[in-house]
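Chemist: Okay, handing you the structure first.
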Amino acid sequence: MSSPREESRKGELRELFDLKPSVVWAGTRVTTRRVQNLIRARQEEHDGALELRSYPVKLTLEVTNLCNLKCPACFTGIREIGRPRGEVSLDLVRRLLGELGPYLFELELCTWGEPLLHRGLATIVGEARDAGVSTLLSTNFSLPFDDRRADELVRSGLTVLGVSLDGATQRVYEQYRVGGDIRRVIDNCRRIRDARRRLRSTFPRLIWGYHVFPHNTEEIDLAREMARELEMEFVVSKGWVEGPDWDPQNKFPTWIDLSPARCRFLWHHAVVNNDGGVSPCCASFYREHDMGHVSVDLNEAAATSFRDVWNGEKFRRARGLFGGRASESGDDDLLCTECPLLIDWRRFQDGALAGEGRPGQTTLTPNQLFNHFWVRRPNGTAAERGVVQLRRKVPTI
């Protein structure tokens with residue numbers, strides 16, 4: 001009879017070689033090189049490798065850190081400045097696609113800004129499509145948009161268009177999407193639906209993302225009906241708030257798998273910002289937390305490729321934290337050092353070494369993750385960071 005630890009190991013190996021693709025990979029051209037890199041990336045994550053031969057299989061690219069709304073649980077929304085405001089250059093996009101494109105399955109074109117504010121977005125999507133990479137973005141869609149732009153976006157080959165729409169009426173919607181106009185959002189969704197019909201396209205998949213808060217639970221069913229009329233998929237996930245978890249019973253699904261695991265951002269999911277800064281993960285906002293910087297022109301003196309950063313000293317130290325090495329005083333510059341994911345992984349590892357196998361359920365919550373990053377400002381003492389408050393509370397009614 002196998003021990004709990006042996007059974008856990010077998011389960012990990014089954015997961016490692018499960019090549020069932022993400023639902024967003026419909027726009028990916030599957031090649032031998034991509035599959036080989038995917039297997040290698042998963043193997044290196046499983047082994048806890050510090051220096052990687054593999055490239056990321058997913059890239060999150062911040063095409064712009066500008067936004068038109070003032071959402072209260074967003075660094076950009078409360079007008080924090082993490083790095084200079086602006087949009088990514090096409091030169092940097094082409095530099096990244098040239099190096100990473102042959103290995104990527106997915107390119108996500110949003111982090112802390114509104115991607116549709118980038119004037120060359122359709123061009124970026126089209127070049128990723130030509131490279132065989134699936135693309136997705138999330139938008140608040142509360143901005144000027146016409147039939148011409150709708151046709152352009154559909155023709156670009158965008159795989160998934162997610163719309164953050166947390167209500168079915170203006171009164172409820174605007175409590176979180178501060179400054180948004182729900183009628184404009186609905187009209188813009190209708191334009192994409194109609195453009196798909198005109199162009200006889202099944203893409204982009206149009207997804208209504210409903211983030212649930214205490215103030216909008218009563219409008220979920222109405223919103224679902226509206227999404228059906230707009231030919232949108234409807235996805236509900238629990239929204240994050242500052243402080244205690246507002247839904248400790250987990251009545252609503254969370255947006256992230258919190259099973260104990262090494263952080264995927266350190267092994268096969270990269271994040272590059274509009275200025276070329278490489279973040280440790282998608283929750284990182286400030287330039288001070290970057291792991292390095294990708295140069296647009298590799299002919300420059302001291303130019304840096306993505307590979308240089310990916311296997312640089314900071315990424316190697318961060319991966320080492322998940323390998324059992326205790327954090328040291330020299331690791332204080334890493335955003336990863338006190339991450340709840342790291343703490344949960346170490347708890348799991350301690351249990352596995354004690355013969356307990358994989359725990360049935362983690363005690364970690366998305367709200368814990370959010371609050372960790374929310375208070376990790378690069379300036380101020382740890383005590384000061386711990387009492388940082390939202391400038392605008394998430395409202396309730």
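The values are calculated or read from the model by the stated rules, or taken from the named source; none is laboratory data. Bear in mind the structure is a predicted one, so any value in this text is a computation, not a measurement. All accessible areas refer to the heavy atoms of the entire protein, side chains included, with ligands and DNA or RNA removed. Shrake-Rupley method; radii C 1.70, N 1.55, O 1.52, S 1.80 Å.
Chemist: ³J(HN,Hα) across the range 32-46 via Karplus (A = 6.51, B = -1.76, C = 1.60, θ = phi - 60°), whole Hz, x for Gly/Pro?
Modeler: Each residue's phi maps through the Karplus curve to give 4, 5, 5, 5, 4, 5, 4, 4, 5, 4, 5, 5, 5, 5, 4 Hz.
Chemist: Take Glu225, Glu108 and sort them by solvent-accessible surface of the protein heavy atoms, 1.4 Å probe, largest at the top.
Modeler: So the residues, ranked largest to smallest area, are Glu225, Glu108.
Chemist: Here is a follow-up. In whole Hz, what ³J(HN,Hα) sequence does the range 56-66 give by Karplus (6.51, -1.76, 1.60; θ = phi - 60°), x for Gly and Pro?
Modeler: Couplings: x, 9, 9, 10, 9, 10, 7, 6, 7, 10, 8 Hz.
Chemist: May I ask you to give the percent of accessible area on the range 192-351 that is carbon plus sulfur, with a probe radius of 1.4 Å?
Modeler: Reported share for carbon and sulfur atoms: 52 percent.
Chemist: Can you list residues whose amide H is under 5 Å from Gly292's amide H, if they're 5+ apart or on another chain and H is modeled 1.01 Å from N?
Modeler: Here Val278 satisfy the definition.
Chemist: Sorted by accessible area (1.4 Å probe), largest first, how do Lys70, Lys238, Lys314 line up?
Modeler: Lys70, Lys314, Lys238
Chemist: Which percent of the accessible area of the range 42-108 is formed by carbon and sulfur heavy atoms (probe 1.4 angstrom)?
Modeler: Carbon and sulfur atoms account for 51 percent of the accessible area of the range 42-108.
Chemist: Whose amide H sits under 5 Å from the amide H of Arg377, counting only residues 5 or more places off or on another chain, with H placed in the peptide plane?
Modeler: none
Chemist: Before I look further, what does the range 97-161 give for accessible area per residue, probe 1.4 Å, in whole square angstrom?
Modeler: On a per-residue basis, 31 Å².
Chemist: Pull up all non-local amide H partners of Thr139: gap of 5 or more, or a different chain, and H-to-H distance under 5 Å with H placed in the peptide plane.
Modeler: Distant-sequence amide H within range of Thr139: Gly162, Val163, Ser164.
Chemist: Another question about this same structure. Could you give the accessible area per residue of the range 231-315, probe 1.4 Å, as a whole number in Å²?
Modeler: 42
Chemist: Go through the range 288-295 residue by residue and turn each phi into a ³J(HN,Hα) via Karplus (6.51, -1.76, 1.60, θ = phi - 60°); whole Hz please, and just put x for glycine and proline.
Modeler: 4, 9, 4, 8, x, 9, 8, 7
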